[in-house]
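Worksheet: the structure to be examined is printed underneath.
The values are calculated or read from the model by the stated rules, or taken from the named source; none is laboratory data. In this text, all values refer to a predicted model and were calculated from it rather than measured experimentally. Using ideal geometry, Cβ is built from the backbone for each residue, glycine included, and neighbour counts are taken over all protein chains shown.
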Amino acid sequence: MRRLALGAVALVAAGCGGGGGDSASPTDIANAASKTANAGSLEADFAVSAQGLSGSGSGVFNNKQRTGQLKMQLNAGGRQVPVDTVVNGDVVYLRSPAFAPATTRDKEWIKLNLAMLGSGQGSTDLSGILDASPTPANALAYLQGSSTVDKVGSESVDGVDTTHYTVSANLDRAAEQTSGATRDAVQGVISQSGVKNLPLDVWVDANGYIRKVRYDEHAGRRQAANVTMELHDFGPPVAITAPPNNSVVDLTKMVG
């Protein structure tokens, strides 16, 4: 399974310089992030590496509804752990053998309200859980604050010609350029980690879509998790359904 994209506001119809362009400005990169974020849906392939944990997976995401579903295979302490995730706005549902102590045969999903946890209602370190459910939303939001851009060169990403750039993103500016839960997420990264300037590697295609991004995710942990994602198969919104309430244990209340 291989696909990509996520949403915001496209300021340019064709996007920014990719696939062999000589240079790009911070505005070009921000426009590419907006164009990618404005796609109705996208698919993404992930690789995550953090202290004591690594893994990979793939998923499909609706941008404007802020929903998605993904499957990850994690290696935690030498143990292979599958994790299924459904994202519905600020609410994340996870299913995995790792959560067996908190679940039952009938209630196999756990539920986390990230907005409530971010407001201080939960004090438990959930960084491992957050690493198990990456989404393209944060990366595209960070790029809205692009401040400096340098071209690395022309490269192929999954058979697509792209231009590779190194970007420095100002997270205060990124928060100003976004709104709602996305702004809250960026501001949460700033307050939790103290990071205000974030380096990213970005690959942009000739149509102005972001095809790959690599960066350190600081959400939910003191030590960042390195995230690499390839984006593809931009298309119309897809149907994503949250697990039924009678199959869910609300972990937010337990850690709050």
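Taken together, the residues in region 193-225 that are within 15 Å of the chain's Cα centre (by Cα), at pLDDT 95 or above and not aliphatic (A, V, I, L, M) amount to 5. If you scan region 164-196, which residues turn out to be in contact (Cβ under 8 Å) with a residue 12 or more places away in the chain, among the hydroxyl-bearing types (Ser, Thr, Tyr) and out of contact with any Ser or Thr (no Cβ under 6 Å at 6 or more places or on another chain)? Answer for region 164-196, where residues must be in contact (Cβ under 8 Å) with a residue 12 or more places away in the chain, among the hydroxyl-bearing types (Ser, Thr, Tyr) and out of contact with any Ser or Thr (no Cβ under 6 Å at 6 or more places or on another chain): Tyr165, Thr166, Thr178, Thr182, Ser193.
Could you tell me which of the residues Val86, Val48, Val60 is within 20 Å of Val248 (Cα to Cα) and either part of a strand (DSSP E or B) or modelled with pLDDT of 85 or more (or both)? Result of the check over Val86, Val48, Val60: Val86. Would it be correct to say that Val152 is among the β-branched types (Val, Ile, Thr), touching a Ser or Thr at 6+ places or on another chain (Cβ under 8 Å) and modelled with pLDDT of 95 or more? Answer is yes for this residue.
Listed by first and then second residue, the pairs linking a residue in region 61-88 that is within 23 Å of Leu42 (Cβ to Cβ) to a residue that is exposed (fewer than 15 other Cβ atoms within 10 Å of the Cβ) and of a type in the set (Ser, Thr, Tyr), with Cβ atoms under 6 Å apart and 6 or more places separating them unless they lie on different chains, form an empty list.
Annotation note: Cβ proximity below 9 Å between a residue of region 229-252 that is under 20 Å from Ala33 (Cα atoms) and a residue that is of a type in the set (Ser, Thr, Tyr) and assigned to a helix (DSSP H, G or I) (sequence gap 6+ or interchain) occurs for Leu231/Thr36; Phe234/Thr36. A search for C-beta distances below 8 Å between a residue of region 147-161 that is at positive phi and any residue that is assigned to a strand (DSSP E or B), counting only pairs 6+ apart in sequence or on different chains, returns Gly153/Thr163; Gly153/His164; Asp158/Arg211; Asp158/Glu230; Asp158/His232. The residue that is farthest from the chain's Cα centre (by Cα), counting only those in region 133-170 that are farther than 19 Å from Leu42 by Cβ and surrounded by 22 or more Cβ atoms within 10 Å (Cβ to Cβ), is Thr163.
Can we say Ala181 is at pLDDT below 95, closer than 23 Å to Leu70 by Cα and touching a Lys or Arg at 6+ places or on another chain (Cβ under 8 Å)? Let's see the steps before the verdict.
Numbers: at pLDDT below 95: yes; closer than 23 Å to Leu70 by Cα: yes; touching a Lys or Arg at 6+ places or on another chain (Cβ under 8 Å): yes.
For Ala181, the condition - at pLDDT below 95, closer than 23 Å to Leu70 by Cα and touching a Lys or Arg at 6+ places or on another chain (Cβ under 8 Å) - is met.
With respect to the conditions (1) farther than 26 Å from Gln65 by Cβ; (2) assigned to a helix (DSSP H, G or I); (3) hydrophobic (A, V, I, L, M, F, W, C), Ile190 falls short on a single one, namely (1).
For region 208-225, a tally of residues being surrounded by 16 or more Cβ atoms within 10 Å (Cβ to Cβ), of a type outside the set (A, V, I, L, M) and part of a loop (DSSP other than H, G, I, E, B) returns 5.
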